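Mind looking over this structure? Questions follow.
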Amino acid sequence: MNAAPALLGYAAAVGVLAPRVMLRSAWPHRAPVLAAAVWFALAASFSVCVALAALHLATPGAHLHGILYSCGVALGVGPPGAGAVRFLGIGVAAAVPTALVAAFTYLVLRARVARSRHREVLDKVGRPSARLRATVLEHATPAAYCLPGRRSRIVVSSGAVELLSDAEIAAVVEHERVHIAGRHHLLLAAARSFAVVFKGVPLARQTGEQIPLLLEMAADDGALHVHSQRTLITAMFEMASAETVPKGALSAGGRTVHIRLRRILAPARRTHPAFRAVVAGAAVLMPLLPLLVACPPGLA
């Protein structure tokens with residue numbers, strides 16, 4: 001039995017239908033960290049499925065028992081008769097993780113270079129503030145952002161310092177600290193690399209759009225653990241005008257502020273612990289499902 005049709009059907013369901021279900025659901029905004037994990041699980045499951053489908057299309061007459069069998073056939077350690085088609089299948093399958101790793105590496109390195117250049121500018125024109133635990137940059141527009149990485153730094157404009165109270169500035173700084181502690185810049189690079197490699201697939205497009213929003217919501221929740229809702233809302237409202245930030249930086253303002261404000265102002269509704277446990281378990285198992293499709297237990 002050839003599992004390629006089942007794998008392609010699964011890939012279509014995950015790539016097209018799953019993002020629609022996620023976007024129509026209300027719970028992701030109530031549990032942004034869990035929702036981000038689900039988006040990444042869907043992306044991993046789709047990627048594994050595409051790679052396995054290529055292997056199975058290249059070996060249509062065999063009872064395949066996962067990726068090891070197909071690799072053995074293509075490398076000449078399996079049954080005789082492995083030809084160019086099977087080598088092509090291995091090549092296509094290998095291209096999927098290779099392209100994802102290459103895109104991720106490129107985005108991470110490019111952002112690192114941009115942050116390094118910006119740090120050099122900050123060293124010359126910025127003013128370190130021990131009270132704010134941030135670097136103050138002379139700029140009239142209220143803005144705040146962080147430069148993650150090994151030499152992480154939080155930057156606040158002088159306009160924000162003049163406009164916001166000490167408590168509001170502290171809430172903004174805490175928001176940025178959550179970004180740094182959670183290594184959100186790496187998660188953003190992973191989401192963007194998936195969106196680049198599988199450009200045109202609805203799942204890839206929505207992953208690239210939803211992960212940044214969910215990470216901002218997660219940073220808001222982190223700030224709310226330390227500061228009051230009113231303090232954070234006021235700070236976010238004042239920072240809404242900060243539309244652009246340096247490359248490689250993460251900002252407390254920007255285009256998503258209005259969505260995040262509506263979320264915080266909405267009546268508090270938490271997801272049930274049982275629901276969270278089920279969704280978390282599904283996210284863990286999701287990348288393994290294509291392997292079960294490719295090699296059902298009865299054929300192992």
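Could you tell me the largest-minus-smallest coordinate of the C-alpha atoms of the stretch 171-246 on each of the three principal axes, in descending order and whole angstroms?
40, 25, 22
Using the Karplus curve 6.51 cos²θ - 1.76 cosθ + 1.60 with θ = phi - 60°, what ³J(HN,Hα) values do you get for each residue of the stretch 104-120, in whole Hz, with x for Gly and Pro?
Once θ is set to phi - 60°, the couplings for the stretch 104-120 become 4, 4, 4, 5, 5, 5, 5, 5, 5, 5, 5, 5, 4, 5, 5, 4, 4 Hz.
Next question. Net charge near Lys124: determine it from the other residues with C-beta under 13 Å of the C-beta of Lys124, scoring Lys and Arg +1 and Asp and Glu -1. Don't jump to the answer; show the numbers that get you there.
On the way: positive: Arg117, Arg119, Arg127; negative: Glu120, Asp123, Glu138.
In short, 0.
Quick note: the coordinates plus some simple rules give every number you see, no bench work behind them. Model, not experiment: these values are computed from the prediction. Using ideal geometry, Cβ is built from the backbone for each residue, glycine included, and neighbour counts are taken over all protein chains shown.
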